[in-house]
Amino acid sequence: MTTTCGSIVAGPPRCWVPRGVYSPQTDTGLLRRAMHREAITERTDVLDLGTGSGVLAVEAARLGGRVTAVDISWQAIAVTWFNALLNGQTLRVRHGDLASAVPGRRFDLVVANPPYVPARGEAPPLGPARAWDAGPDGRLLIDRICDTASTFLRPTGALLIVHSHLCGIDATLARLANAGLCAEVVDRTRLPFGRVLRSRLDWLRERGLTGVDTTEELVVIRAERI
């Protein structure tokens with residue numbers, strides 16, 4: 001049982017995830033743990049970028065936050081609404097491309113679990129792969145989030161973003177610093193390659209993104225406005 005600023009949350013939210021929507025995995029759990037360390041109260045405005053199943057948005061609401069969840073997938077939007085109802089929580093759910101769905105708004109806490117798996121080709125992914133494929137370097141959305149974070153964070157706000165070492169931890173830290181944020185790695189874990197990475201192992205090795213090792217390090221980076 002976890003206590004945060006007077007809110008008591010027992011275990012993760014209930015969550016229904018159909019085919020075609022990203023199912024909560026290790027990266028979701030890392031981000032959830034990091035979110036529990038934030039001072040979320042009934043006065044905290046939280047933005048969940050690329051909410052997917054909505055499980056992190058629901059969790060932030062359970063902790064007392066005023067939560068807005070955003071996704072470009074209409075199916076994800078519907079699933080997020082359902083999971084909010086399933087857990088008795090109220091969310092603002094908006095359809096759109098990252099923070100363009102909430103123009104002009106600023107938040108105390110932004111959480112993001114963007115697609116970060118390196119993938120062949122330059123064209124934006126379609127279908128279910130849109131939840132994980134992120135261009136040849138895995139940074140299709142990560143760079144956009146880093147570059148614009150200061151525009152949707154309040155002066156005392158923080159960004160929590162999770163991704164794989166395959167798309168460059170140092171690159172994200174540098175990008176956030178260039179955008180005027182102070183960033184650091186606050187959580188990390190290592191796990192074996194999953195199905196998607198195993199299916200493109202030869203290509204990853206050709207690009208020099210991995211070698212003999214077939215494990216992936218996931219990190220949560222926390223960034224604050226300077």
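The values are calculated or read from the model by the stated rules, or taken from the named source; none is laboratory data. None of these values were measured; they are calculated from a predicted model. Reconstructed Cβ throughout: ideal geometry from the backbone, glycine too, with neighbour counts over all protein chains shown. Each accessible area value is taken on the protein alone, full model and side chains, heavy atoms only, with ligands, DNA and RNA left out. Shrake-Rupley method; radii C 1.70, N 1.55, O 1.52, S 1.80 Å.
For a quick check of your reading of the model, give me the residue pairs whose first member lies in the range 82-93 and is over 19 Å from residue 49 (Cβ atoms), whose second is modelled with pLDDT of 95 or more and of a type in the set (Val, Ile, Thr), with beta-carbon atoms closer than 8 Å and at least 6 apart or on different chains.
87/58
Among the residues of the range 107-134, what is the count of those that are hydrophobic (A, V, I, L, M, F, W, C) and either assigned to a strand (DSSP E or B) or in contact (Cβ under 8 Å) with a residue 60 or more places away in the chain (or both)?
So the answer is 9.
Out of the residues in the range 106-129 meeting the condition of being among the aliphatic types (A, V, I, L, M) and touching a helix residue (DSSP H, G or I) at 6+ places or on another chain (Cβ under 8 Å), tell me which one is farthest from residue 151 (Cα to Cα).
Here the answer is 119.
Touching a Ser or Thr at 6+ places or on another chain (Cβ under 9 Å), surrounded by 22 or more Cβ atoms within 10 Å (Cβ to Cβ) and farther than 16 Å from residue 31 by Cα, is that true of residue 92?
On the way: touching a Ser or Thr at 6+ places or on another chain (Cβ under 9 Å): yes; surrounded by 22 or more Cβ atoms within 10 Å (Cβ to Cβ): no; farther than 16 Å from residue 31 by Cα: yes.
No, not satisfied.
Could you list all residues from the range 138-171 that are of a type in the set (Gly, Ala, Ser), on the phi < 0 side of the Ramachandran plot and crowded, with 19+ Cβ neighbours inside 10 Å?
Matches in the range 138-171: 149, 157, 158, 164.
Of all residues in the range 54-74, which are surrounded by 24 or more Cβ atoms within 10 Å (Cβ to Cβ) and among the charged types (D, E, K, R)?
59, 71
Just to be sure I understand, how many residues within the range 177-191 are among the polar types (S, T, N, Q) and either touching a residue at least 40 places away in the same chain (Cβ under 8 Å) or surrounded by 13 or more Cβ atoms within 10 Å (Cβ to Cβ) (or both)?
Qualifying residue count, the range 177-191: 1.
What do you reckon, is residue 225 in contact with a Lys or Arg (Cβ under 9 Å, 6 or more places away or on another chain) and touching a residue at least 12 places away in the same chain (Cβ under 8 Å)? So that I can check it myself, show each step before the final result.
Working: in contact with a Lys or Arg (Cβ under 9 Å, 6 or more places away or on another chain): yes; touching a residue at least 12 places away in the same chain (Cβ under 8 Å): yes.
Considered against the rule, which asks whether it is in contact with a Lys or Arg (Cβ under 9 Å, 6 or more places away or on another chain) and touching a residue at least 12 places away in the same chain (Cβ under 8 Å), residue 225 comes out as yes.
Have a look at 121, 194, 135 and point out the one that is of a type outside the set (D, E, K, R) and crowded, with 19+ Cβ neighbours inside 10 Å.
Every option except 135 fails the conditions.
If you take just the helices (runs of 4 or more DSSP H) that sit entirely in the range 145-218, which of them hold at least 2 residues that are farther than 20 Å from residue 28 by Cα, within 18 Å of the chain's Cα centre (by Cα) and aliphatic (A, V, I, L, M)?
Hits in the range 145-218: 169-178.
Would you point out which residue out of 42, 38 is of a type outside the set (Lys, Arg), part of a loop (DSSP other than H, G, I, E, B), touching a Lys or Arg at 6+ places or on another chain (Cβ under 8 Å) and open to solvent by 20 Å² or more (accessible area, probe 1.4 Å)?
Criteria check complete, one pass: 42.
When residue 104 is evaluated against the numbered criteria (1) part of a loop (DSSP other than H, G, I, E, B); (2) closer than 27 Å to residue 188 by Cβ, which criterion, by number, is the only one it fails?
Looking at each condition in turn, residue 104 falls short on (2).
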